[in-house]
Amino acid sequence: MQNRQFGSGFLSRREMRTVENFSEAFIEGKKAITPREIAENIDQQLIRIDSKRKGSVKLVLFLIEYVLPLLSLHRPFSRMTPEARRKFIERNLVNTNLELRGWKRVKRLYKGWFYNLRGRTLRDLSRVKTLFLAGYYGDPRVYASVRFVTVAAREKFQSAADQLKPLGLSRLQIHQPADKELEADVCVIGSGAGGAVVAYNAAKNKKNVVLLEEGRYVTADEIVHHEGEMTAKTYRDGGLQSTVDLDMSILQGKCLGGTTVINNLICLRLNDPDLNEPEKPDIFERWQKLGARIDAQKLAASYERVEKMIHVERTPKQLTSKNADVLLDGWKRLVSNGEGDKTYKSGLFKKNFKDCLGCGYCNFGCPYERKMSMLETYIPAAIAHKARVITECHAEKIVLQGKNAAGVQCRLKNGRKLLVRAKKVVVSCGALASSVLLMNSGIRRNVGQRFSFNAACLMLAKFREPINGFDGVQMPGYIDTGEAMLEAWFAPPLAFAGIVPGWFKTHFERMQAYHHFACAGVLIGTEPNGRVKRTAVFRNLFGPVGYEMTRGDLEKLKRGMALMAQVYFAYGAEAVYPSSFVDLEMSASDFKSARAIENFIDDNIRRPDDMILNSSHPQGGNAMSDNPAIGVVDSRFKVHGFDNLYVCDASVFPTTIRINPQLTIMAMADYASHLSII
């Protein structure tokens, strides 16, 4: 911890006092570090994060310190006694769903809309607990108390410590523009799964390519096993990005290589034989009805080229932890008992890695260079073919001249302006940012609409024996029901603490049993009913997407959650916990039937914000359709009304594809490259 005056960082002295007092009340147990150290950790993390959204943290602290106490006729939060602070947190941030549980007299006194608004506002505000958990469980001094074993200290590396070294790949040559203008045949904006593939194919085809990336180039020696530091370095908004109503966090990468640097490497094709696909017609036919015509055979050829380039292989069993066994063996037991549908597909994921060590930090970058992300594959290959890569370069707008995109107006980190003139411009900023860039450039028709997600809610199960889910790849295996994917997932303490339900001593004691938990995500593809917000101030303050989960999607998610609970109990779980707002516990003794589990979930999860939702897979916003009344781009990825402007990323999907989209984004980019862009 650096020595500095208390309150001399991002947070003021008063805000630091609020954080310290909240931490003292909220984290209830024998702490490994002091509340003041927790406050300093939080302040340090906020200093690291480069995002306009972190200003909302100050607003939340102001509400906790002054506004909520004033409304309930109490003194400011920091001036309360410790006992009063705990009661205040419990009353205002824990028990905020009163509209669901009666209080008829209060309902008569307040108009319904005001009461419901208060309840939802306080519930959203209560999600601030994640910030305090990060300040505590993100500190290495806490690891021993939750029995988390650091990578270097794990038994399997004791006799082979030399494995824990980077492969020694050459450092990438980043272009430093000296002039105010650059000329290019193809300017690609975004270096993730879509942009990197397009840039490589164009450069290989002898085109003069400029690849722009808003994030920084994070080298292998900068990647460390520290969740907070890596989240700030590699995630958009430092991981603070969410939907406007705050019901769902949206996790995306912001670094050279994009989200491929911090994802779980899952590689699935559309209509993959590993998947259960009961829906008819298949996705290509459904897209065709919307005016998006994809040649399945040509796309298959693109899949093959991409899979070879990024080294796709099945996850070896030796890289998995017992968390995978719980999911897959639990499913086998359920099927053998006649309680599971034996037609569902299950197994270990195919992934893009090479000589993986199974350290369990996939979501925070690979310091060993074993992840075959864009950073290790397509980007260096593009540079080898003389593509110029410019990092920390924010594309402000596309310069339009009639039906032509003449170039891209950019701003470098030092504030200097840069104009990249290009014969073709390819927008590959990812779902969200691509829509925002088009809108900022004056292109608005249909832009930002038909936005969808792969939405996930995590399920936890506690076992008598240690599971040590942290000791292996983060996401090893799955069960696919056709409408939901049940995916084994685990994380180091900081990320894990954020999804554990409960407050105060309950949460603290569960984290003490961290090594006894298994965890899996229940993931569904949502309806395309979201919309990217058009006002920048609103996007920055509250989140970039307006979205509310439909009743049908909620029911799909709940069915997947019920099945996941059955799998856990089949394996012998003592208790199962949805990652929910209200603390919901299902014990093995009380939930012996599928019907009991389903009824419990139905009774307690009535709306989306009853759960802690997240998505790493936003899709749509610039839907593909040859019908300009529906789409932003046509089936050749060209923006309607323009001759040389293209979009090539997940934002062109007309509907969600339900599975991890990275391989499909890469294949679509390869397909588009050979179809029209180069």
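Can you give me the long-range amide H partners of Ser580? Hydrogens built in the peptide plane at 1.01 Å from N, cutoff under 5 Å, separation of 5 or more residues or another chain.
Counting only residues 5 or more places away or on other chains, the set is Ile612.
Just want to confirm a number: the relative contact order over segment 133-267, from Cα pairs under 8 angstrom separated by 6+ residues, in percent.
Once divided by the residue count of segment 133-267, the mean separation gives 19 percent.
Could you work out how much longer the chain between Glu396 and Thr506 gets when fully extended? Use 0.36 nm per residue separation minus the Cα distance between them, nm to one decimal.
Value of the extension gain: 34.9 nm.
I need to check one value: relative contact order of the chain, counting alpha carbon pairs closer than 8 Å and at least 6 residues apart, in percent.
Taking the mean separation of contacting Cα pairs over the length of the chain, I get 19 percent.
Quick one: of Lys207/Lys371; Lys87/Lys592; Lys204/Lys371, which pairs are farther than 30 Å apart, Cα to Cα?
Violating the 30 Å Cα-Cα cut-off are Lys87/Lys592.
Tally Lys/Arg at +1 and Asp/Glu at -1 over every other residue whose Cβ is under 10 Å from the Cβ of Glu396; what's the total?
Charge balance near Glu396 sits at +3.
Once both labels are modelled 7 Å past Cα along the beta-carbon direction, what's the Asp603-Arg411 spacing in nm?
The answer from the label model is 5.4 nm.
Beyond 29 Å between alpha-carbons counts as too far, so tell me which of Lys462/Lys533; Lys165/Lys206; Lys54/Lys351; Lys317/Lys345; Lys233/Lys354 fall in that bin.
Over 29 Å Cα-Cα: Lys462/Lys533; Lys165/Lys206; Lys54/Lys351.
Once you sort the root eigenvalues of the Cα gyration tensor of the chain as a ≥ b ≥ c, which label holds: rounded (a/c under 1.5), prolate (a/b larger than b/c) or oblate (the other case)?
Note, shape of the chain comes out rounded.
Taking amide hydrogens as modeled 1.01 Å from N in the peptide plane, which residues meet the under 5 Å criterion relative to Gly347, leaving out close sequence neighbours?
So Gly347 has HN proximity to Tyr478.
Restricting the count to DSSP beta bridges whose residues both fall in the chain, what percent are antiparallel, rounded to a multiple of 5?
70
Treating the beta-carbon of each Lys and Arg as +1 and of each Asp and Glu as -1, no other charges, what is the dipole magnitude of segment 397-483 about its Cα centre, to the nearest 20 debye?
1080
What number comes out for the charge environment of Phe642, summing +1 per Lys or Arg and -1 per Asp or Glu over other residues with Cβ under 12 Å away?
With Lys, Arg at +1 and Asp, Glu at -1, the neighbours total +3.
For Tyr378, Tyr136, what ranking results if the residue with the fewest other Cβ atoms within 10 Å of its Cβ goes first?
Lowest to highest Cβ neighbour count: Tyr136, Tyr378.
How many nm is it between the label spots at Glu155 and Asn627, if each spot is 7 Å from the Cα in line with the beta carbon?
6.1
Whole-Hz ³J(HN,Hα) for each residue in segment 402-411, computed from phi via Karplus 6.51 cos²θ - 1.76 cosθ + 1.60 with θ = phi - 60°, x for glycine and proline: what do you get?
So the Karplus estimates, Gly and Pro as x, are x, 8, 10, 9, 7, x, 10, 8, 10, 10 Hz.
Subtract the Cα-Cα distance of Thr81 and Ser170 from 0.36 nm times their separation in residues, and report this length gain in nm to one decimal.
That works out to 26.3 nm of additional length.
None of the figures in this text is laboratory data; all of them are computed from the coordinates on show. All values reported here derive from a predicted model rather than from experimental measurement. All Cβ positions, even for glycine, are placed from backbone atoms using ideal geometry, and neighbour counts span all protein chains on display.
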